[in-house]
């Protein structure tokens with residue numbers, strides 16, 4: 001069996017590795033458009049911001065290691081077309097511009113997603129960039145280190161935008177963030193978005209909410225950003241307004257996609273075309289608590305679904321149990337986490353729900369330096385089945401979200417979670433943990 005994998009970062013290399021381990025006779029060939037395999041893209045802002053000074057730490061396995069595992073990998077090769085009838089792909093060698101075809105028995109699509117760059121006038125200027133690939137990170141780290149780069153403008157207040165804000169603060173830059181929506185970090189509910197916004201402002205970020213970028217100005221290099229409310233000097237612009245699945249090359253293949261271009265798969269990662277599988281940021285994924293497919297561009301989901309796809313390509317029939325959209329972010333001196341539904345999700349789905357917000361310390365006052373943790377729960381009216389949870393604090397907030405994620409996954413009620421036997425010792429938690437306190441406030 002010959003398996004071709006398109007895309008060699010998270011889902012793709014998870015699939016390739018699983019196939020190689022499961023079926024020693026399989027021929028596994030990977031085509032990756034970029035110059036690196038299997039790296040942790042979520043570490044890019046921290047590399048740019050000098051929290052990490054060596055990009056190689058983000059690489060999980062090298063090309064040489066994959067070769068030793070029996071996986072053939074080709075960097076700087078872009079698959080531009082798929083012929084599902086002939087079971088062939090058309091590949092472009094980016095370095096020399098040549099094209100060739102490759103046949104397959106089974107195909108794994110894991111092309112990820114690209115940063116959306118709206119058609120802003122001046123977007124082509126030097127100094128207007130995105131941060132999505134390892135190549136982006138290597139370039140931006142060097143660019144930002146230039147002494148003439150002092151003012152950084154971030155367009156977009158999502159996860160990447162906020163992480164970039166902290167990164168550039170850490171290397172001494174003046175940071176301005178412009179967000180068109182009414183708040184930043186919209187996967188969180190308003191209470192937590194507001195806390196994050198205040199934290200950024202307290203650390204010197206000039207935050208512009210409800211303001212739309214119109215374009216960029218400069219002579220060869222960006223020098224100003226123009227919005228519907230003003231014009232601001234800038235030396236560097238990071239556009240972080242979202243991502244779009246890399247699936248345009250699948251046009252006319254018969255592979256079903258969602259409105260945003262994400263590939264529709266079943267819970268075995270099969271597409272609508274036989275012998276073709278997909279996973280990662282280019283595909284939808286089953287959302288366990290919402291009981292529908294969702295677009296969740298998260299490394300955790302990509303690695304799990306890639307592994308499942310690989311096992312099933314090799315003859316298995318494992319079904320993905322479902323994701324919850326669990327995610328976390330550090331915002332300067334605070335940490336924030338969320339899992340399951342937010343209030344907007346519950347309203348959209350017509351769920352009858354209640355909420356509760358609790359404040360508790362991460363550990364008791366009789367051990368030094370207790371810090372407050374704020375927790376919000378969303379639960380079903382009547383049954384009190386837990387649907388969603390969000391938390392923030394200086395420490396001890398994010399890992400508690402993992403407890404709530406397990407509870408939501410298991411379909412537990414707040415009553416049950418309020419009596420779960422969690423650890424207690426003064427340096428770590430109270431006899432009634434913050435998880436207990438929040439759960440027992442749900443009525």
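The values are calculated or read from the model by the stated rules, or taken from the named source; none is laboratory data. None of these values were measured; they are calculated from a predicted model. When we count neighbours, we look across all protein chains shown, and the Cβ atoms used for this are built from the backbone with ideal geometry, even at glycine.
Of the residues in region 20-66, how many are on the phi > 0 side of the Ramachandran plot and surrounded by 19 or more Cβ atoms within 10 Å (Cβ to Cβ)?
The total comes to 1.
Does at least one position in region 296-312 carry a residue that is over 15 Å from the mean Cα position of the chain (by Cα), surrounded by fewer than 21 Cβ atoms within 10 Å (Cβ to Cβ) and part of a loop (DSSP other than H, G, I, E, B)?
Within region 296-312, not a single residue is over 15 Å from the mean Cα position of the chain (by Cα), surrounded by fewer than 21 Cβ atoms within 10 Å (Cβ to Cβ) and part of a loop (DSSP other than H, G, I, E, B).
What is the number of the single condition among (1) more than 30 Å from residue 125 (Cα to Cα); (2) out of contact with any strand residue (DSSP E or B) (no Cβ under 7 Å at 6 or more places or on another chain); (3) surrounded by fewer than 19 Cβ atoms within 10 Å (Cβ to Cβ) that residue 275 does not meet?
Failing condition for residue 275: (2).
Give the number of residues within region 336-359 that are surrounded by fewer than 23 Cβ atoms within 10 Å (Cβ to Cβ) and in a strand (DSSP E or B).
7
Can you pull out every residue in region 342-365 that is farther than 18 Å from residue 437 by Cα and out of contact with any strand residue (DSSP E or B) (no Cβ under 9 Å at 6 or more places or on another chain)?
344, 348, 350
Hey, can you tell me all the residues within region 159-185 that are in a loop (DSSP other than H, G, I, E, B) and either free of Cβ contacts under 8 Å to residues at least 24 places away in the same chain or in contact with a strand residue (DSSP E or B) (Cβ under 9 Å, 6 or more places away or on another chain) (or both)?
172, 173, 180, 181, 182, 183, 184, 185 - these are the residues of region 159-185 that are in a loop (DSSP other than H, G, I, E, B) and either free of Cβ contacts under 8 Å to residues at least 24 places away in the same chain or in contact with a strand residue (DSSP E or B) (Cβ under 9 Å, 6 or more places away or on another chain) (or both).
I'd like the residue in region 192-248 that is in contact with a strand residue (DSSP E or B) (Cβ under 7 Å, 6 or more places away or on another chain) and part of a helix (DSSP H, G or I) and, out of all such residues, is surrounded by the fewest Cβ atoms within 10 Å (Cβ to Cβ).
201
Among the residues of region 187-205, count how many are under 14 Å from residue 331 (Cα atoms) and either assigned by TED's automatic domain parsing to the domain that holds residue 355 or under 22 Å from the mean Cα position of the chain (by Cα) (or both).
9
Take residue 17 and tell me if it is touching a helix residue (DSSP H, G or I) at 6+ places or on another chain (Cβ under 8 Å), under 23 Å from residue 317 (Cβ atoms) and crowded, with 16+ Cβ neighbours inside 10 Å.
yes
Kindly provide the set of residues from region 267-280 that are closer than 26 Å to residue 342 by Cβ and out of contact with any helix residue (DSSP H, G or I) (no Cβ under 6 Å at 6 or more places or on another chain), ordered by number.
Correct list: 267 only.
Any residue at all in region 221-233 that's in contact (Cβ under 8 Å) with a residue 40 or more places away in the chain and on the phi > 0 side of the Ramachandran plot?
Looking through region 221-233, none of the residues is in contact (Cβ under 8 Å) with a residue 40 or more places away in the chain and on the phi > 0 side of the Ramachandran plot.
Scan region 400-431 residue by residue and report those that are under 27 Å from the mean Cα position of the chain (by Cα) and either part of a strand (DSSP E or B) or touching a residue at least 40 places away in the same chain (Cβ under 8 Å) (or both).
400, 401, 402, 404, 405, 408, 409 - these are the residues of region 400-431 that are under 27 Å from the mean Cα position of the chain (by Cα) and either part of a strand (DSSP E or B) or touching a residue at least 40 places away in the same chain (Cβ under 8 Å) (or both).
Right, residue 328: closer than 23 Å to residue 10 by Cβ, assigned to a loop (DSSP other than H, G, I, E, B) and under 17 Å from the mean Cα position of the chain (by Cα) or not?
no
Give the residue, chosen from 321, 285, that is touching a helix residue (DSSP H, G or I) at 6+ places or on another chain (Cβ under 8 Å) and farther than 22 Å from residue 8 by Cβ.
When all the criteria are applied, what remains is 321.
Residues 149, 175, 130: which one is in contact with a helix residue (DSSP H, G or I) (Cβ under 9 Å, 6 or more places away or on another chain), surrounded by fewer than 18 Cβ atoms within 10 Å (Cβ to Cβ) and at pLDDT 95 or above?
Just a single option satisfies the conditions, and that option is 149.
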